[in-house]
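Some notes on the structure that comes next.
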Amino acid sequence: MESKIDYWLKEGKQSKITPSIRKIVESFKGSDLEKVFQILKWINKNLRHCKNQKMVEKIFATRTADELIKSKKHTGCHDVNLVFVVLARASGIPTKYLAGLGKETMKGGHCVSEIFINGRWSLVDSSVYKIEIFPEFSEFFNKFYVMGIGIDSWDINIRTLKDWYKRAKEISEQIRKIK
């Protein structure tokens, strides 16, 4: 079991733990849960939403966590979640990257993380600073189909906004066949 948990400490091409990321996490102290709160606080203090919609569409899912942190601009839950994932892993907390497709409209999406602390998986919605102790009862799993679980969005083949839409279309077509 332990080796499966350790898998979620791996770096991906998009979620490399660079020296500048290691420097950020040096200041996070205490238990894993305390570190999660500090990471969320750091994100809230240091990242701002890019208001230029054309730019959002152009850069969505194309940047590494390090590039996001350096730019101090995010495109929404996708980027915020990526930064959370890399800071959590750099702090020694096993973390999964999850992308979801809205069940109601089959269009909108959302990204969250699952963290392994205190011997169990919990869900973190870093874009709204929320921790769910029982992921299976979370708003995310109630409102979204899981499009992918991986090391980062590139790991689940979402590298651009076009990739997101393509993946969403594939998932929605599969779901319609089942229904």
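The values are calculated or read from the model by the stated rules, or taken from the named source; none is laboratory data. The shown structure was predicted, so the numbers you read here are calculated from the model rather than taken from an experiment. For neighbour counting, all protein chains shown are included, and Cβ atoms are generated from backbone atoms with ideal geometry for every residue, glycine included.
The table for this structure:
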| quantity | calculated |
| --- | --- |
| Near pairs, Cβ below 8 angstrom, 6+ apart or cross-chain, from region 4-28 (over 14 Å from Ile93 (Cβ atoms)) to any residue that is surrounded by 14 or more Cβ atoms within 10 Å (Cβ to Cβ) and polar (S, T, N, Q) | Lys13/Thr64; Gln14/Thr64; Gln14/Ser153; Lys16/Thr64; Ser27/Gln38 |
| Selection from region 137-166 of residues that are buried (at least 17 other Cβ atoms within 10 Å of the Cβ), assigned to a helix (DSSP H, G or I) and without any contact (Cβ under 8 Å) to a residue 60 or more places away in the chain | Phe140, Phe141 |
| Selected residue [surrounded by fewer than 18 Cβ atoms within 10 Å (Cβ to Cβ), without any contact (Cβ under 8 Å) to a residue 40 or more places away in the chain and assigned to a helix (DSSP H, G or I)] from Glu173, Glu104 | Glu173 |
| Residues (among the β-branched types (Val, Ile, Thr), modelled with pLDDT of 95 or more and out of contact with any Gly (no Cβ under 7 Å at 6 or more places or on another chain)) located in region 132-157 | Ile149 |
| Test: residue in region 61-78 that is within 20 Å of Thr160 (Cβ to Cβ), hydrophobic (A, V, I, L, M, F, W, C), touching a residue at least 60 places away in the same chain (Cβ under 8 Å) and surrounded by 15 or more Cβ atoms within 10 Å (Cβ to Cβ) | yes |
| Which listed residue, of Lys16, Lys51, Lys4, Lys45, is part of a loop (DSSP other than H, G, I, E, B), of a type in the set (D, E, K, R) and loosely packed, with under 12 Cβ neighbours inside 10 Å | Lys51 |
| Positions within region 19-31 being more than 26 Å from Asn157 (Cα to Cα) and buried (at least 17 other Cβ atoms within 10 Å of the Cβ), in sequence order | Ile24, Val25, Phe28 |
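Results for (1) under 15 Å from the mean Cα position of the chain (by Cα); (2) of a type in the set (Gly, Ala, Ser), shown as yes or no for each residue.
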site	(1), (2)
Ser113	yes, yes
Ser127	yes, yes
Phe144	yes, no
Asp163	no, no
Arg167	no, no
Glu170	no, no
Ile175	no, no
